[in-house]
Each structure stands twice: as C-alpha cells, then as structure tokens.
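To keep things clear, I will list the structure first and then write my remarks on it.
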Amino acid sequence: MACMATRQFATMVVEPPSCLHDQTVSLRVHGLQPGEEITLEASMTDTRGVCFLSHAHYSSSDKKSPALLRKAMAWTGFSHQAFQKADDEGQVDVNTMKSLGGSYQGAFPMGLISSMLPALKEEKFTRFFKRDVENPNIVTLSVFMGHLSNDELVAENRSEPLSTAIHLRHYMAPGVQRIPVRYGKDTLIVLRDFSATTGTVRDGYKLCVGPHGSGGGPFPGVVDMFGSAGGLLEYRSAQLASRGIASLALAFFAYDDLPKTLNEFDISYFEEAVEFLLKHEKIVDGALDCYEAVDDPNNFPETIIPIERANANFLFLVSCDDRNWKSEMYADMAVERLKMAGKRNFKVHKYPGAGHLLEPPFSTFCQSSYHKLIGGSLLWGGTLRPHAEAQLHAWDAILEFFQKNLQNHTSFKGKL
C-alpha cells in the first residue's frame, strides 16, 4: 500500500512507504492542474540534528518518452504496466520525467534521495552521520506550488506544501539485532539470525546477525572499517547484515579506550578481530580484513603490505575522482604487485566521476566536509550523478563478491 497524505487537491505518493536503505522507491504526485509547475522537496535529519534537503522542479505537462520509461524500470524494477497512467494530465512521475532544475536536472529516479545536502549554508561542510542504526531515516517528501529555490524552501515564512508524505529508510531488516558481546579485550555487538559485526577489538566490537528467513547460519563474515573518520560507524555493517553478510564494524581509534588519534596501527588488534570471527559459531570459516593506506607507500617502503602473499581474493572499488587519496594509483600499485607474483585473484571496478566517500546506494552525496583530525574541511571529490551510479554498482559488486568467495549458499533478498 502506498503512503499518502493529501492537502488541497494534490497528493504525494511514495511506494513503498518503508524499505531497506539500498532499495529504490517510486515517487509520484497526483491531482495537479494540467501544466502546473511544482517543486518536490526531500528532507531528513541526521544524528546531530543537521537537516539535509534536496529539491527538484517539475511540470505536470512534461511528457514521458519510451526511453525514460525503460530507464525508470531499470532503476525501480516496476513493470511497464505500472507506468501506463504516467501520461495522464495533472500528474508528475519522478521515475519517468525529467527534472527541470533544482538539486539535479534530467531523468534521475532516485535523485531526490541521493542529492540531499545540508539545508543551511553555515552547515555546508557537514557529512551525514547516522549513529542509531536500529531506527530508520525518516524522509519527508513534500510538493510545493511553483518552482522554488533552496533559499525559499529554508525560509521561516515559506509557503505551505500542497501535500506531504513520510518515507522510512531502514538500515536493519526485520529480525536483525544488536547484542553487546565481550571477547577478550574487546566488546562486540551481535544481530540475531544473521551476522554483521560492528565495534572495536579492545572495547567496541559489534556483530549484526540478520533477518528472519535467512536460516541459522553459518554466514560469511567480514571486517568492516572506515578510514580517518574515527569512532564506531555501524550503518554499512547493518546493511550488509540485512543482505546475509556477517559484518564486524570495527573502530580502531577515537572510540572508548582506543587511541585518540590516527598515528600508528597495532596489527595484533586487527588480528584479534579476525580471530573472533573465525571462532564464532555463526561465521563461515574465513574473513575479509581491509583498510586504507595512510600515505604514498613508495615513500615508506617498510609500510608496504605484501599483498601478493595473501591467499584471499581481492575486490578493488576505485573512485577515479577521489580528491582525498590517490585511490586509483594505490589500486594500480596493488594490482601490479599481484600480477608480478603471477596472481589473478582480484577484480577491479573503476568509477570515473566518483569521489572518495563510496557509500551504500542512495546515501547522501558529500563532496566535502569538516574533518576533526585536521580541523578544517576536506574535499572528497566526485560529481552527483556518476557518484550515485557508482555507489549502486559497487554495492551489488560487494554483495556478489562476498557471497561468491566467503561461502557457497543460496543468497536471498532482505525485505521489510
């Protein structure tokens, strides 16, 4: 059933009203006057109370081409019949129609979700953070009369929307739980029924065990770490857990009693995390552990990891417009070491136009943000459309890679 809320004659419709965060939605507006110009707005608030907003301009007289219909079906998975009424007068269908301006232009079915940025200019260098993965992101979708600017939408005296709908985007599928666990020096969180792990080895592990219907395990297990953000971030592990991958979200600095700054690594700390996964009854034998280099390894030969000695398979997801790290160069160096050793145990996907922050699909696009380690803003790079498309492709590649290499089992689709 669609989620609908009506004001005056227009109705904003979002289908499904609630879904997992990596799933697409269909957005439509009914009951408009023929040729009426409208602004669609999406907004949500992160853990720190920062409001993120996007908007797009549409006209109910804009017609849909067969090419746009095919593209929309590719994004949303709806059948052609679902769009048969899209040409009726007085309707706007975001899945098949082009945005005339705003946060993006052209046909971009998930544009409103993917293009949200901090609403206020003084918060423009703020990255979206979600700490509480057990509760969904609440997206408010509104339709306004006329083509409004961002300044008009954030003004205190802005006009009332014609219609509003609430859309919930979940990181955790039903049945996924977070249960604190102590292992040696470390704390961990577990999710019932299938596994995704998050936390720190010395004090802050978290394990996610997934949705009902996924079976009792064992499950493929991975160690999930972010880069220089610090602290404990669980939203990617929760999403992996929702897709049947036991993921240990591992903090390694700026969390509890861990080092406050990113000066050096204690390899035994990461070995302990892998050891935990290997011993856990819910985990298939074998785990994947990966982390980012912190400098040009050619300048510090002693820091180069002999990747060619590993018997694991490797997946390289390379953002070619990364303005924070020389990601393409590092990936090419690693692949060259593997080739020189006669190894072919790797796969590479390169994404032109994608920036450093390659998140799960439909995450908010962040081109730059304030970073507490340097006390200023960092440029992450990337351009909205190619970055969003890269995130969608990379997520599918990650799930396929884990399911193929960590265990032989029938994969399933997590649902709400």
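Restricting the first residue to region 114-134 and requiring it to be without any contact (Cβ under 8 Å) to a residue 60 or more places away in the chain, which pairs with a second residue that is in a loop (DSSP other than H, G, I, E, B) and β-branched (Val, Ile, Thr) meet a Cβ separation below 6 Å and a spacing of at least six or different chains?
Listed by first residue and then by second, the contacts come to nothing, as the list is empty.
Only one of Phe129, Phe108, Phe125 is in a loop (DSSP other than H, G, I, E, B), closer than 16 Å to Ser54 by Cβ and among the hydrophobic types (A, V, I, L, M, F, W, C). Can you tell me which?
Residue meeting the stated conditions: Phe108.
Say we look at region 309-329 and pick out the residues that are touching a residue at least 40 places away in the same chain (Cβ under 8 Å) and part of a strand (DSSP E or B); which of these is farthest from Ser377 (Cα to Cα)?
Leu315
Those residues that are over 15 Å from the mean Cα position of the chain (by Cα) and either more than 18 Å from Leu357 (Cβ to Cβ) or open to solvent by less than 10 Å² (accessible area, probe 1.4 Å) (or both), I need them from region 231-246; list them, please.
The answer is Gly244, Ile245, Ala246.
Of Tyr255, Tyr291, which residue is modelled with pLDDT under 80 and crowded, with 16+ Cβ neighbours inside 10 Å?
Tyr255
Are there any pairs with C-beta distances below 7 angstrom linking a residue in region 261-279 that is closer than 28 Å to Phe219 by Cα to a residue that is open to solvent by 70 Å² or more (accessible area, probe 1.4 Å), with the two at least 6 apart or on different chains, and if so which?
So the pair list comes out as Leu278/Asp285.
Let me spell it out: the conditions are (1) open to solvent by less than 20 Å² (accessible area, probe 1.4 Å); (2) modelled with pLDDT of 95 or more, and Lys350 meets all of them except one. Which number is the exception?
Unmet for Lys350, out of (1) open to solvent by less than 20 Å² (accessible area, probe 1.4 Å); (2) modelled with pLDDT of 95 or more: (1).
Find all pairs meeting these conditions: Cβ atoms under 9 angstrom apart; at least six residues apart or on different chains; first residue within region 144-167 and among the aromatic types (Phe, Trp, Tyr); second residue surrounded by 13 or more Cβ atoms within 10 Å (Cβ to Cβ) and in a helix (DSSP H, G or I).
Cβ pairs passing all conditions: Phe144/Glu152; Phe144/Leu153.
The values are calculated or read from the model by the stated rules, or taken from the named source; none is laboratory data. This one's a predicted model, so the numbers in the text were calculated from it and none came from an experiment. When we count neighbours, we look across all protein chains shown, and the Cβ atoms used for this are built from the backbone with ideal geometry, even at glycine. All accessible areas refer to the heavy atoms of the entire protein, side chains included, with ligands and DNA or RNA removed. Shrake-Rupley method; radii C 1.70, N 1.55, O 1.52, S 1.80 Å.
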